[in-house]
Each structure stands twice: as structure tokens, then as C-alpha cells.
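Presented below is the structure to which this report refers.
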Amino acid sequence: MNNFTYTPTNSAKEAIRLRRETPAATYVAGATTLLDMMKVNLVEYPQLIDINALPLTGIEQTTDGLRIGALERMSDVGEHRLVVAQYPAVSESLLLAASAQLRNMASIGGNLLQRTRCGYFRDAAFPCNKRVPGSGCPAQHGDNHGLAILGTSEACIAQTYPGDLSVALLAFDAVLTLENAKGKQRRVPITSFYVLPGQTPHQENILEPGELIVAVTIPAAEHARRSTYLKVRERTSYAYALASAAVGLDVQAGTIRSARVALGGVGTIPWRSPEAEKILTGAPATDETFRAAATAALRGAQPREHNGYKVQLAQNTLVRALQKVATT
Amino acid sequence: MTDFSAFEPSKGGVVGQPVNRVDGHAKVTGQAQYAAEYALPNLTYAALKTSSIAKGRIKSIDPAAALREPGVLAVFTHENLPKMAQTPNTLAGKYAIYGMHMAFMPLTGNEIFYSAQPVAVVVADTFERATQAAALVQVTYEQARPVASYQSANAEVFDPNGQGYVFDLKKVVRGNPQASLAASAVQVKATYVHPINHHNPMEPGATIAHWEAPDRVTVYDSTQAVAMSQSSLATILGLPQEQVRVVTKFIGGGFGCKFNLWPHTVLATLAAKAVGRPVKLVLTRQQMFTSLGHREDQEQTITLGATKEGKLTTLIHEKTSTTSPWDIFAEPNGAILNWLYACPNYQSSHRVARANVMTSTYMRAPGESPGSVAIECGLDELAAKLNLDPLEIRLRNYANLDPGTGQPWSSKGLKECYARGAELFGWGKRNLQPGVTRDGRLLVGWGMATASYPVRPAQGRARVRLYADGHALVQTSATDLGTGTYTVITQVAADALGLPMANVRFELGDSTLPTAPASGSSVAAATVSSSVYLAIQDVWQRLTALAVRDSQSPLFKALPADVVREQDQLVLRTNPSKREKFSALLQRQGLADIEGVGNSKSGEGYEADQIAFDNKPGTKQTKRSMYSFGVHFCEVKVDPDLGTVHVTRWVSVMDGGRILNTKTARSQIIGGSIMGIGAALMEGTNRDEQYARYTNADLAGYHVPINADIPDMQVEFIDGHDPYVNAMGVKGIGEVAMVGTVAAVANAVYHATGKRVRSFPIVPSKVLGSDAV
Ligand SMILES: Cc1cc2nc3c(=O)[nH]c(=O)nc-3n(C[C@H](O)[C@H](O)[C@H](O)COP(=O)(O)OP(=O)(O)OC[C@H]3O[C@@H](n4cnc5c(N)ncnc54)[C@H](O)[C@@H]3O)c2cc1C
Ligand code: SF4
């Protein structure tokens, strides 16, 4: 960990101004992932601007849907009455993540910006295109057991976002409110927030330098109300997903009126599957339909040596999640 | 005073009771001082810089930028590390320094042998400054292609031919295994593959070295072995042993990785001398993967030959594993096969390959734990082939004598363990057919496995000072890994002195105290309790001698042999109305206190001395084989679509001789079983083949079980006292706790799914995939 200065702030304006003054500085919220990366010298910042006192809080009903402040904590959001009632998948994605201690500290904004768990990225002694552009990607022929099978490139096969919340937000068309260095706000659907690795895996999202995540808004929908998040991992809790599925179905008289499908753990970015949604929409809510949707969702998979199992695992996870919401 | 040798439980005594930890309050209130927690004046902080390559040479190392940082006192590299009187680097032969497990010392040359090998030690006035400066040490390397493991294409696998360190790894043959195998009606051959496991105790390796004089040092170190560390350090530093003091009052777990002295402790001690101030060095969690050894990656092939009835005729075990560039170390997996079941023909052999890793080391039941996977899964495969119940096949091969030596057992309650465990678990209701029992979508499987571990020979001393005011101080240099040594020894002393536990203070973890063995090989409770017990017997002998010569004592002129102890009194056996409290005796004698010492032997050797004590010359001595035994039963539920495995029930029944405290003992068994569940289902350190470097070296990447993985566990002990093992009849339970556990889980997974996964850990990809057959 390098030496850095620590500057608490209490307004977005002030935070953004500080960032403008020191472009190499960064924001810190719950610090649950920023500090552990700094401790092993993966990232170095001369200054941490503490945004915890900014008024980016509140969970409130708006005409656009439920608006969640970026500084709300994962545990508070996961347990919030409105979230549980309207977006069970979002609540579950939060409560199945990390550990209770981490969830109590970690913010929603920080969660969206957590970085890959690829073992090569996490150790500065390895080359890694994501960390040091152009240095190479040892995961292609190395330990890729946990890495992605969808949206991969020759430059990177890691999950840019390895977590859970964004997968659920993606399924339900959440919209991010961002505030840029000039103090201007813009709204960006989460579907276009993360960027595929391509040849530039170090570019992970469309956030501009110094831009703040202010809030996340999730539109209300019947398929969101009837939703679930299923996460498969190598221990029962406190582990990242090998595969996960956030699904929502609006089923009327046995027919699926609308469907939402997003997968985690298998894509280089949280993976929405329009292919699966297309098969599901208008079809009967049967195992056969679910299986067909799962096959479609993984059709483009490109496994490497050690992660071929993820094709079947993700399909089965998706089927299981669909079965669960269809019967609730 | 007759009551000399073996401990007898007293009426209303606390030995065996589920007494709460005497150090529990200190621990939960933060009063317990761990090695890194001594706030010495002028304390400085060290940080390690480690190599980014696994093999090659340091071309240049430049500390200038680090030295320019504020607060930095020194940077040590191979170019300026203070000289040692003796270095442990030797490329051939045995350990130059016994307690130094790895025959290599970093910073003694420019060669790099393994990834994350320390290349510099930075000392600064704060932890943060030391850490920052370590990152600023500039190193350039000349890289060579490393060997990652025995499995690598460029690895050379060889037969160590008896040259192994600690465990000689000789080929052992009993009977005629090849011929008997060829003649056996049924044969099973299976290969099990195990990844590297790391101990990952909660408390990392930590040292504070404080030179109190130019030739006298105190080292606060998180070690399981203060006496051995003291003697190893003395050799390295060229000091008389007496001038090196090692202190370890509390340990946050070790599991074997803190048994030996490792380089970081030596580096901190050398640095402290050079900077002239105390130095603290605490390893980071990442460094814990490359500083204190690990359980080596290995594969083992077992071949079983049997009759149609399932009686074993042949056991052949071959193991291949990775060792370091300097040492030949491997866990002796084959050993347990030589005693566990009655089988006339046996063979065990090892092969190793040198790779660019540090030397692997002892990890809970080294040898017995992975070895039990071979025999216990292998036997399960044989039972399945013969359509026999797994418990039944074990009973058919029950060894009434030690098959390896032909000797009788000192005690063996295994049949009772089987019976009680089966009853608690409901084993009788098990469906013989695998893959058919369901709970909704989930497949249910029941597995079991036998546990056994030797009562290893050890000896140690203790001192007891009994005060006339009715309090006692008990001392030995033993350590408490967190397992409950403080508590159980206080119980033993209280009973043997006839005092309440609150009046007894037990002090340990300091090399200035009487020498005790390390907490390792499951000898601590046995040896320390026996030495304390014997020291207290010595006290009573001395008191008796005083009493019979004291004209004012009711016991005046009694024959010492007629004096017995009752609680805190000496009593004349022939006339129990003649009695006296020790406190009264001491006060009258004008003695503030009285001291006794005890030297105990445990395991082999104790028996011989016992015969001498008993004064029975000419008694024909039968050598006994001494082992703890037990059984683990496990239920798993497997999701066949998702590949996830959950342990849903667990029963362990153990024969560990006398159990000193059923609460701390239960915790040991639970802990060992959880470690086994971890090794079976999730633990493994992954290594990149090209870089020979770990890819998951932290606790987010290396999964150990969390609460949600573990069901409520049922543990019972078979009441046992073994008169042949030591004065207390304690056989030890720390390691037998883990033996068999991995196999019990794997066998349950087979029973659930009908598929054998022979590669550990059994993660979802393997349950789903073609790894299973
Ligand atoms: C051991 C471990 C296990 C975990 N397991 C899981 C898991 O299973 N599932 C899962 O989803 N997550 C998991 N996580 C990740 C966890 O959810 C994140 O660490 C957490 O959400 C980050 O939030 P934070 O507030 O602490 O972010 P910080 O660490 O404070 O910041 C993270 C990054 O976000 C930036 N940032 C924070 N807030 C804002 C904002 N409002 N605007 C702009 N930039 C901002 C910071 O500058 C920084 O770059 C795990 C983490 C750990 C350490
Ligand atoms: S997969 Fe991506 S993150 Fe991992 S090593 Fe390759 S480039 Fe780096």
C-alpha cells in the first residue's frame, strides 16, 4: 500500500472538485474492496476522497420506480421492505453476497464498481491485460476454472463484475444516475454501463473520470415482483458465483407474458439473455420451455480448458431459477 | 505415600468434566497477548519484499528508494543480511538444524527457488512505512523456466530411496504383496488426487525479536514449539541456548504450520540485532501461503486384494508428490495402511519430484489424513464391488493385533466406537444401493470411515510450586494452540492437588520454564498432563517425608508407604483419623512453599519405565502398539443439477484414552472434522503451471468452510483409560479428529450419486463433470 492522503467531504460538488484537482485520486465509500486492492499494490492512489457523508442515500418510490441512493449499504437495501416486496431478486442478490460484515459496510455504488476476482488480476506479480494493458493474459491457458465463457476475448476472459447485484439490476432494466465532473447529471441504463473486454479489458464501464454514481432506479414491473436470484458457488456462503441467474416471470394462466433473464458468473460482464427472454415470452411455463431458454442463453459460450462445466451449470441454474419463480 | 504412578480420578474431581476455558475471559476481552501484541518501547516494524518469479536469479536489487522514505531504518537483502553462525541451507542430507524444517534460508544468495521467496526485509518506525518502503525496493530478475509440480511435463519424478527428511520414505514390504494380489479373488485399484492445502490459521505467523543485550534475545513468536525454536535459534545465532528466550503465551491456531522454525522468525531476529531495536514482523495473509509450508499436492494409488467375503489379502500403496529444491519431504501416507486392518500382505512406496515451491510440512495428521483417504475410500470401493455394507467390511477386517508388528494394542475401543456411532447415526437403515435415496430433488448419501492416529513417543518436564496459603503455580514450556491446554492442565493439577481450579495457575509458553514437547503429533495433552501429574506426586512425596519426620504432625513416624493423599490432606491409611492438611504442615515447618518436578514419558518407552517403577524385575515385558481410534459417519445431500454438496449430518465417536475435558475435546473433534469437510469439498491452493505461482492465495480465493457449510455435529467418546501410554492414560485426539473425515465425505458423495469423484476437492464442476466415474 502506498502513502495517500485522506479527505472526507460532505457534498457532491466538493467531492467532484477535489477529484478535478487531483485526477489520480479516487472516491472511497465502504472501502471493503478498494483497500484490499491497495494493500496488495494492485492500484495506487495519491488521495482518497471519502464520500460517505454525501447525501446519496434514501430508498424511495418515484414515478420511474424505486430509487436507491448510491451510498445505501448492501444490507440495508437487501433487507428493505420495498425491495423485498417489489424486487425479490435484487434483495436476494444482495443478501447472498459477501458476508454480513462486508454487507454492513459496502455501498451500492461501490458494489457496482467492484473489480474482477481473476487470480492473475489480483496478484501484481502476474501479467494481466486488465491491470497492465498489453502485458498478456495468462488465464487463457492457465487457471481459468472460475472465469467467464460468454463475451470473452483473446485479451481477457474474466468477469469484469464478479458480483451479484448488477446481475439482478440488469435483469430488471435499472437505470443509473451519474454526476460528472462538471456537476451535470445523466441517466444511463445498466444494460449499457459495463463494457465488453474486447482488446481493451482495462476499460470496464462508461463512467467518466471523476463521475459519481448518485443513485440506481429500478422500474416497477410484474416480472420484477415475481423474481428470484439463484447463486451456485463452491461453499454455501461467502463465495463468488460459479454461475447465477436473476430471473423474473409474469405468468398468467400458465403462459409467460413477459420474462427477464440475466446470468452472473459466466459472462465477462453481467449477462442479459434476450435469446432466452424471446423463447420464454408467450410460451407455456413448462420445464421444456425453460430448458430451451437455457440452451439459447448459453449458445454462444466459449469455454476454455477448465471452465467447460459452466455451460451445463449455468443452464441448470437458469432452469432451476425459472422453475422456482414459475411455481411461486 | 504409595499413590505414585497412574492417575486415578478422584470423587467430585474436575478431570473429564466439560469445564469452560480458563483463558476464555482473557481471550474474549482482548487480554490474551498473542505474539504480535507486546508493546515494547522503541518497537520497529519489518515488512518482507518477496520475489515475483519462481526460478532464476536476482540481477540487481536496489534499496535506495526505500531507504529514502521517512522512518526507514534499514533494508536487508542478500547483499547485507547479517551473518548467521549456522545457516540451514544444505542441498544434501538431513536438516542441518533439526527444528528448521526447510533447509534453505532466503537472503543468503541471489538465487530464486520459489515464487514469493523473501528477497528483502525492510525495517521502519511504523508498519505502514515499512510496508510502503518494501514496495519501493527495486529488483530485477533473470528468469528461468520453473517446475510447478510433480505433474508438470518438465518434472523429474524419482524414488527417494529412504533419503526422506523426518519421514524416511523407504519402501516397506510385509508378506508377499505381488503374489497375494495375483491370487486374490477380488481386486480394486484407485488413484486419488489431492491439491495443495494450506493450514490458514486465524493468527498469521508473527514475531517480535528483542535483543536485551548484545548476546541475549527474547523472541515472542507464534510457535507450537518454544523449546525447539529456542534451540534452533540458538544454533543459528551462535548463542548458548540459555541466552535465547522464546515466548508464546497464546496461539491463534497452527495445525502444524507453526511446529517448526521458519525463515521469517530468523529474519526478524537478525534485523532486530542489526537495527538495535525490537523488530516486529507479522506475515500478511498472502505471505501465509509461502512462508510456513503447506500440505503437498499429491496423488496416491491404492491396490486392494481381497477374498470374496471381503477379507483383505493385499494392500499396496504408492504415492507421488511434490517436494522443494532442497528437501525431500512427503507425508508418509502408506503408514496407516500397515496397522488399520488385518491384512497379511502390505507394501508402501513413495516417489517425489522437485519443483519450485517451498518445502511442504506437517498439516494435521500428516500422512494419516491423506493416507486414510486411500484406505477408507479404497475399502468403500471394495465394499461396493462386493455389495457389502461399508461398516460390515471394516468389521470383517478388524485387527485384534497390530498387523504391522503382531503386538497387542495398548487399548482399542474401535468396535465400541463403530457400534455407538452406527447407533447414533442410524446406519442400520442405510440403503446398500448408491444413487437412489432422495430428498426431493436432492440425492442423499451416507458414508463412514475409520480414524486412527499413533500415540507418538514424547517426553517433557513440569514444575509445581505449592504455597502454604493453598495456591499453586504449575509451569512448563508447553504451548496452547487454542485447543484448551491451559484448561485441561489446570483441571489435572487441581484434582491432583485437591484444590479448586481457581487456586491453581498454570503458566506455559516460555522457554525459561521446564521443557515440554511441542504442541504437535497429538502429544501435548498426554505428555504435559502426565508431567504435571508426576510433579504433583513429587510434591506429595516431599510433604510425606516432612510429615513423618515432624514430631508435631499426626503422621509422625508413620511409614511413608502407609501415607496416602485425600484431597489436600495426607492421611494414614491404617488409621484415617490421623491426617493433616499440607498447608498446616508447611506453616509449621516455616516453609512458604514446596516444589516438585515431574518428567513424563508418553508412548513407547513409558511402558518400560513403568515396569521399572513397579519394581517388578524379571517381569516379561510385552511391547504394545499405541493408537487412538475412532469413526466418523457423514450424511450429504447432493444437488445433481448444480453439483453442490452439503454435509447435513455428522457423527464422530472416538477412543482417545482418558478424555480430560469433554467440552474442549469435542471442539477438537469438531475442528478436525470441519477441516476434513473443507479438504473434501472446497480447499485447494491453485497454482499456475507456467509461473509456478499461486492464483488464489488469500481467504477470498482459498475457501475454508463457513458456518453454513457445517451441520450440528454429534461427538461422543468411548470411556477409556489406557494404562500403557502414559501416567494419565491419555492417547491424544488433536489429529485423529481429522483422519478419515475426508473419506467419510467422499464415500457419502458416492453413496448419494453413484459416482466416484477421486480428485479433491469435490467441487460442483467435478460432481457434474466427467471427473467422476
Ligand atoms: C471477501 C469478499 C467477498 C465478496 N463477495 C461478494 C459477493 O459474493 N458478491 C458481491 O456482489 N460482492 C462481493 N464482494 C464485493 C463487495 O460487494 C464490494 O466490496 C462492495 O460492494 C464495495 O462497496 P464499498 O462501498 O465498500 O466500495 P469501496 O471499496 O469504497 O469502493 C469501490 C470502488 O468504487 C468506487 N466508488 C464507490 N462508491 C462510488 C460512487 N458512489 N461513485 C463513484 N465511484 C464510487 C471507489 O472509488 C472504488 O473504486 C466481496 C468482497 C470481498 C472483500
Ligand atoms: S482474464 Fe482478464 S483479468 Fe484475468 S489475467 Fe486475463 S486479462 Fe487479466
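The table below gives the values:
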| read-out | value |
| --- | --- |
| Those residues of region B:98-155 which are closer than 15 Å to B:Ala54 by Cα and basic (Lys, Arg), in sequence order | B:Arg145 |
| Scan of region A:104-130 for residues that are in contact (Cβ under 8 Å) with a residue 60 or more places away in the chain, more than 13 Å from every other protein chain (Cβ to nearest Cβ) and either farther than 16 Å from A:Leu147 by Cα or among the hydroxyl-bearing types (Ser, Thr, Tyr) (or both), ordered by number | A:Met105, A:Ala106, A:Ser107, A:Ile108, A:Gly109, A:Gly110, A:Leu112, A:Leu113 |
| Any hit, region B:531-551, residues being crowded, with 24+ Cβ neighbours inside 10 Å and outside any helix (DSSP H, G or I) | no |
| Tabulated pairs, region A:196-219, first within 16 Å of ligand 2 (Cβ to nearest atom), second outside any loop (DSSP other than H, G, I, E, B) and not charged (D, E, K, R), C-beta under 6 angstrom, 6+ apart or interchain | A:Asn205/A:Tyr194 |
| Filtered residues of region A:19-38 (kept if open to solvent by 50 Å² or more (accessible area, probe 1.4 Å) and either within 11 Å of chain B (Cβ to nearest Cβ) or within 8 Å of ligand 1 (Cβ to nearest atom) (or both)) | A:Leu35, A:Asp36 |
| Test for B:Thr695: is it touching a Gly at 6+ places or on another chain (Cβ under 6 Å) and either free of Cβ contacts under 8 Å to residues at least 12 places away in the same chain or in the same structural domain as B:Gln491 (by TED's automatic domain parsing) (or both) | yes |
| Hits in region A:141-160 - residues which are touching a residue at least 40 places away in the same chain (Cβ under 8 Å) and within 11 Å of another protein chain (Cβ to nearest Cβ) | A:His141, A:Asp143, A:Asn144, A:His145, A:Gly146, A:Leu147 |
| Unmet criterion (only one of (1) modelled with pLDDT of 95 or more; (2) away from ligand 2 (no atom under 16 Å from the Cβ)) for A:Gly183 | (1) |
| Residue list for region A:154-169, filter: small (Gly, Ala, Ser) and within 9 Å of ligand 2 (Cβ to nearest atom) | A:Ala155, A:Ala158 |
| B:Gly482 vs. criteria in a loop (DSSP other than H, G, I, E, B) and closer than 22 Å to B:Gln33 by Cα | yes |
| Scope region A:56-83; condition over 13 Å from A:Thr217 (Cα atoms) and free of Cβ contacts under 8 Å to residues at least 12 places away in the same chain; matching residues | A:Arg81 |
| Residue among B:Ile706, B:Ile669 that alone is touching a residue at least 12 places away in the same chain (Cβ under 8 Å) and either within 14 Å of another protein chain (Cβ to nearest Cβ) or surrounded by 21 or more Cβ atoms within 10 Å (Cβ to Cβ) (or both) | B:Ile669 |
| Residue that is most open to solvent (accessible area, probe 1.4 Å) [pool: residues in region A:229-247 that are within 17 Å of the chain's Cα centre (by Cα) and farther than 16 Å from A:Pro270 by Cα] | A:Tyr238 |
| Any hit, region B:756-772, residues being in a helix (DSSP H, G or I), open to solvent by less than 20 Å² (accessible area, probe 1.4 Å) and more than 12 Å from chain A (Cβ to nearest Cβ) | no |
| Tally of residues being under 30 Å from B:Gly56 (Cα atoms) and in contact with a helix residue (DSSP H, G or I) (Cβ under 7 Å, 6 or more places away or on another chain) across region B:692-726 | 2 |
| Any hit, region B:511-521, residues being in contact with a strand residue (DSSP E or B) (Cβ under 6 Å, 6 or more places away or on another chain), closer than 21 Å to B:Glu8 by Cβ and open to solvent by less than 40 Å² (accessible area, probe 1.4 Å) | no |
| Extreme residue, farthest from ligand 1 (Cβ to nearest atom), among residues of region A:136-152 that are in a loop (DSSP other than H, G, I, E, B) and within 20 Å of B:Arg687 (Cβ to Cβ) | A:Gly136 |
| Test for B:Gly404: is it of a type outside the set (S, T, N, Q), at positive phi and surrounded by fewer than 22 Cβ atoms within 10 Å (Cβ to Cβ) | no |
| Residue under evaluation A:Glu204, criteria (1) under 28 Å from A:Arg225 (Cβ atoms); (2) within 11 Å of ligand 1 (Cβ to nearest atom), criterion not met | (1) |
| Hey, A:Gly198 modelled with pLDDT of 95 or more and either more than 15 Å from ligand 1 (Cβ to nearest atom) or open to solvent by 10 Å² or more (accessible area, probe 1.4 Å) (or both) or not | yes |
| Criterion: on the phi < 0 side of the Ramachandran plot and away from chain B (no Cβ under 14 Å) - qualifying residue of A:Val251, A:Val319, A:Val266, A:Val311 | A:Val251 |
| The one condition in (1) within 12 Å of ligand 1 (Cβ to nearest atom); (2) under 20 Å from B:Gln132 (Cα atoms); (3) open to solvent by 20 Å² or more (accessible area, probe 1.4 Å) that A:Asn2 fails to fulfil | (1) |
| Criterion (facing another protein chain (nearest Cβ under 8 Å) and among the polar types (S, T, N, Q)) met by exactly one of B:Asn686, B:Asn726 | B:Asn686 |
| Residue under evaluation B:Pro106, criteria (1) buried (at least 19 other Cβ atoms within 10 Å of the Cβ); (2) within 14 Å of chain A (Cβ to nearest Cβ); (3) part of a loop (DSSP other than H, G, I, E, B), criterion not met | (2) |
| Residues located in region B:371-398, provided they are open to solvent by 10 Å² or more (accessible area, probe 1.4 Å) and part of a helix (DSSP H, G or I) | B:Glu381, B:Ala384, B:Lys385, B:Leu386, B:Leu391, B:Glu392, B:Leu395, B:Arg396 |
| Selection from region A:153-173 of residues that are within 16 Å of ligand 1 (Cβ to nearest atom) and farther than 29 Å from A:Leu249 by Cβ | A:Ala158 |
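One line per residue, one yes/no per condition, for (1) under 23 Å from B:Pro500 (Cβ atoms); (2) in a helix (DSSP H, G or I); (3) in contact (Cβ under 8 Å) with a residue 40 or more places away in the chain:
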| position | (1), (2), (3) |
| --- | --- |
| B:Thr527 | no, yes, yes |
| B:Val564 | yes, no, yes |
| B:Ser583 | yes, yes, yes |
| B:Leu591 | yes, no, yes |
| B:Asn599 | no, no, yes |
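To keep it simple, each residue is scored yes or no on (1) over 17 Å from A:Lys231 (Cβ atoms); (2) more than 12 Å from ligand 2 (Cβ to nearest atom); (3) out of contact with any His (no Cβ under 7 Å at 6 or more places or on another chain); (4) open to solvent by 40 Å² or more (accessible area, probe 1.4 Å).
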| residue | (1), (2), (3), (4) |
| --- | --- |
| A:Gln86 | yes, yes, yes, no |
| A:Glu92 | no, yes, yes, yes |
| A:Ala100 | no, yes, yes, yes |
| A:Ala106 | no, yes, yes, no |
| A:Gln114 | no, yes, yes, no |
| A:Arg117 | no, no, yes, yes |
| A:Pro127 | yes, no, yes, no |
| A:Ala139 | yes, no, yes, no |
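The values are calculated or read from the model by the stated rules, or taken from the named source; none is laboratory data. Computed from a prediction, not measured in an experiment: that's the story for all the values here. Quick reminder, even Gly has a Cβ in these numbers, built from the backbone with ideal geometry, and neighbours come from all protein chains shown. Note: areas computed on protein heavy atoms with side chains; ligands, DNA, RNA excluded. Shrake-Rupley method; radii C 1.70, N 1.55, O 1.52, S 1.80 Å.
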